[in-house]
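One structure is given below, encoded as structure tokens.
The values are calculated or read from the model by the stated rules, or taken from the named source; none is laboratory data. Model, not experiment: these values are computed from the prediction. No Cβ is skipped: glycine too gets one built from the backbone with ideal geometry, and neighbour counts run over all protein chains shown.
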Amino acid sequence: MELQNMEMQNMNIKLMEKLLSWDPLGYGADAYETEVVDVLQAVHMLDDSVKLARKIQAIYEFSFEEIIPLKICEKMAMELLVIKNSSSCEI
């Protein structure tokens, strides 16, 4: 059980680093802390990259009233799911 918690923590750190370095709207990477937490939660709930991409798009649109093109969100969703899936395989 302890190992699983460490794997989960490592995965969350990798996901957070990926999201915190992403600046899709050009406000600077430190402008998205709330959204990063929301997206992290969505990554844990969704395994479908298109659904995750739409959720990411909605989270940022809600906060900034700007739409990130879905293609950009899909790319990020796939990268996040790769991190999630490769971490779960290490157990």
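Look at segment 25-51: where a residue is assigned to a loop (DSSP other than H, G, I, E, B) and a partner is among the aromatic types (Phe, Trp, Tyr) and surrounded by 12 or more Cβ atoms within 10 Å (Cβ to Cβ), sitting 6+ places away or on another chain with Cβ atoms under 7 Å, you get LEU25/TYR60; LEU25/PHE64. The numbered conditions (1) buried (at least 17 other Cβ atoms within 10 Å of the Cβ); (2) part of a helix (DSSP H, G or I) are all true for TRP22 except (2). Inside segment 52-74, residues that are in a helix (DSSP H, G or I), in contact (Cβ under 8 Å) with a residue 12 or more places away in the chain and either under 15 Å from LEU20 (Cα atoms) or of a type in the set (D, E, K, R) (or both) make up a count of 7. Just one of the listed residues (VAL43, VAL50, VAL37) is in contact with a Leu (Cβ under 8 Å, 6 or more places away or on another chain) and surrounded by 11 or more Cβ atoms within 10 Å (Cβ to Cβ), and it is VAL43. Given the criterion of a type outside the set (A, V, I, L, M, F, W, C), at pLDDT 95 or above and closer than 12 Å to LYS84 by Cβ, identify the matching residue among LYS14, LYS55, LYS51. The conditions single out LYS14.
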